[in-house]
1. Say we look at segment A:38-59 and pick out the residues that are within 12 Å of another protein chain (Cβ to nearest Cβ) and touching a helix residue (DSSP H, G or I) at 6+ places or on another chain (Cβ under 8 Å); which of these is nearest to residue A:237 (Cα to Cα)?
2. From the list B:303, B:287, B:293, B:350, which one is assigned to a helix (DSSP H, G or I), in contact with a helix residue (DSSP H, G or I) (Cβ under 8 Å, 6 or more places away or on another chain) and more than 18 Å from residue B:256 (Cβ to Cβ)?
3. So, residue B:66, is that one touching a residue at least 12 places away in the same chain (Cβ under 8 Å), crowded, with 19+ Cβ neighbours inside 10 Å and in a helix (DSSP H, G or I) or not?
4. Take the conditions farther than 22 Å from residue A:193 by Cβ, out of contact with any helix residue (DSSP H, G or I) (no Cβ under 8 Å at 6 or more places or on another chain) and in contact (Cβ under 8 Å) with a residue 12 or more places away in the chain and apply them to residue A:14. Does it pass?
5. Would you check if residue A:5 is surrounded by 22 or more Cβ atoms within 10 Å (Cβ to Cβ) and touching a helix residue (DSSP H, G or I) at 6+ places or on another chain (Cβ under 7 Å)?
6. Please tell me if residue B:160 is under 21 Å from residue A:74 (Cα atoms) and part of a helix (DSSP H, G or I).
7. Would you confirm whether or not segment B:239-262 contains a residue that is at negative phi and outside any helix (DSSP H, G or I)?
């Protein structure tokens with residue numbers, strides 16, 4: 001039996017009186033790029049935190065490769081965590097460590113490597129995301145916004161995960177930087193056969209990278225292929241993808257492909 | 001000039017001029033106060049000569065129109081009303097005075113928030129007839145529940161920490177020796193100069209104070225007892241702990257707190273690293289090692305300070321000071337002070353790391369909780385010291 005890589009069923013998340021998710025379902029299949037879209041405060045980051053096991057939902061199941069992470073013991077969860085890589089919205093690089101040490105930290109935690117191997121592999125990951133070798137010795141505070149996003153991606157790739165979870169990977173980047181990041185992501189995804197789940201607001205990124213899109217509307221998720229979601233009957237989704245900004249970009253993207 | 005009035009039979013014509021801007025509100029109000037709009041069935045406002053109008057100016061104009069309408073005048077504009085005024089009407093959600101001339105506009109605004117009088121000034125708070133007796137009771141209840149919640153959180157922190165600490169002891173790989181070494185350096189070695197200086201100064205103050213008083217009885221020799229026992233039992237360890245609470249308690253809270261704000265703690269969890277294991281346990285162990293060592297340094301410097309003062313103020317030879325000190329210090333004197341150090345270290349490290357872990361959301365929280373960490377660390381140290389004093393007295397040390 002082949003499980004979906006990520007499967008969320010009947011998820012309920014509540015903060016006090018505020019219901020964020022009410023019976024949300026989501027399914028991410030192997031080797032696809034799945035975009036999560038939603039209005040501000042719709043609970044995209046909460047959903048990601050729930051998938052990561054950082055937040056225990058009030059109800060529902062979150063399965064990663066068939067394992068319900070809301071029911072796992074710490075040891076089992078530890079093994080699951082080695083299978084995915086995460087980037088956070090603002091990078092969340094460890095500010096006391098250099099880029100190289102940031103990339104090495106998950107490796108030290110999960111793998112048994114000699115110091116030379118550790119350096120070589122971490123350096124490889126840094127080169128892989130398009131950072132110059134000099135950047136490896138820098139601290140996060142010395143990096144530009146685009147370099148932080150790349151360094152965070154390098155750390156997420158440290159353990160050669162099969163699943164990447166990215167929270168707004170191109171937010172705050174200029175259009176050229178964002179396009180370069182998208183290109184890098186698509187390239188890595190193809191070459192390494194990754195499954196990618198990303199939260200994004202950037203319509204360009206969605207049209208360039210995603211195979212399928214899930215939109216959080218009214219505390220649930222509507223997901224479909226890119227073509228399907230653009231023609232979705234829900235008025236909010238229509239406004240999102242067929243608004244003035246969207247059609248201009250979407251048409252251009254369509255024409256380009 | 002701002003506004004000029006001209007009466008023609010039934011009609012009052014108001015010509016606006018100059019800059020109606022927020023910076024000129026005082027002069028504008030003076031001009032408006034001098035204006036007489038009474039007994040004018042028809043008011044025509046001509047904004048054509050206005051050099052500029054901002055929203056504050058438009059707000060004054062709106063009030064003028066409202067006042068005129070309330071007084072029974074019919075107000076209209078010569079030409080189109082200024083767009084700023086139209087914008088205000090749009091924002092407030094109703095067609096106000098400008099769009100519908102002549103209609104009474106006073107009181108037609110959107111409902112004002114509570115505690116605001118209709119003219120926009122804050123109402124005097126706590127007027128007796130408005131006094132809401134439910135509010136203070138609800139506040140007490142809310143605070144009580146918050147305290148319970150806080151206690152539960154604190155217990156949760158201690159419980160989780162104990163489990164992770166025990167696990168780390170069983171599996172030494174989880175003890176993070178490099179991290180512990182770094183914290184010993186940060187909290188201990190770098191604190192030596194300030195701890196030594198304070199210990200020196202305090203022992204001099206105590207010795208000087210003692211010398212002055214004991215001279216009346218010709219008992220200067222007891223200055224030595226005062227300084228040595230005072231330093232070893234109480235002052236050395238207590239002052240060191242207070243300095244460390246200010247230095248390292250705040251640093252712990254701020255470091256961990258900023259990692260919380262930067263999502264670094266979440267990143268640790270997502271990687272599969274237990275944040276308590278890498279952030280809290282090494283800090284506690286580091287401080288438990290560093291504070292007793294600092295205490296020894298403070299004791300030595302304190303005794304040396306006493307010796308120097310006795311030599312120069314009381315002309316007491318150093319050998320005599322040492323002999324007397326040797327007699328004054330009992331077997332337990334040093335240990336009574338020294339054994340308090342690890343306890344103080346644990347209290348300081350717990351207060352700092354706990355408050356740091358609590359930081360959520362905003363940098364204002366970070367500042368607040370850092371302050372809380374220091375205040376609580378110092379409070380806990382002094383409270384523990386008092387308990388120790390009672391305990392030692394009971395067991396006769």
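1. By that ranking, first place goes to A:49.
2. It is B:303.
3. Numbers: touching a residue at least 12 places away in the same chain (Cβ under 8 Å): yes; crowded, with 19+ Cβ neighbours inside 10 Å: yes; in a helix (DSSP H, G or I): yes.
For residue B:66, the condition - touching a residue at least 12 places away in the same chain (Cβ under 8 Å), crowded, with 19+ Cβ neighbours inside 10 Å and in a helix (DSSP H, G or I) - is met.
4. Numbers: farther than 22 Å from residue A:193 by Cβ: yes; out of contact with any helix residue (DSSP H, G or I) (no Cβ under 8 Å at 6 or more places or on another chain): yes; in contact (Cβ under 8 Å) with a residue 12 or more places away in the chain: yes.
Yes, satisfied.
5. No, not satisfied.
6. Values: under 21 Å from residue A:74 (Cα atoms): yes; part of a helix (DSSP H, G or I): yes.
Considered against the rule, which asks whether it is under 21 Å from residue A:74 (Cα atoms) and part of a helix (DSSP H, G or I), residue B:160 comes out as yes.
7. Within segment B:239-262 (the criterion being at negative phi and outside any helix (DSSP H, G or I)), the answer is yes, since at least one residue qualifies.
Residue-by-condition table, conditions (1) surrounded by fewer than 21 Cβ atoms within 10 Å (Cβ to Cβ); (2) within 14 Å of chain B (Cβ to nearest Cβ); (3) closer than 28 Å to residue A:208 by Cβ:
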| position | (1), (2), (3) |
| --- | --- |
| A:107 | yes, yes, no |
| A:129 | no, no, yes |
| A:180 | yes, no, yes |
| A:193 | yes, no, yes |
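The values are calculated or read from the model by the stated rules, or taken from the named source; none is laboratory data. These numbers were taken from a predicted model, which means no experiment stands behind them. Cβ sites come from the backbone with ideal geometry, for glycine too, and all protein chains shown count toward neighbours.
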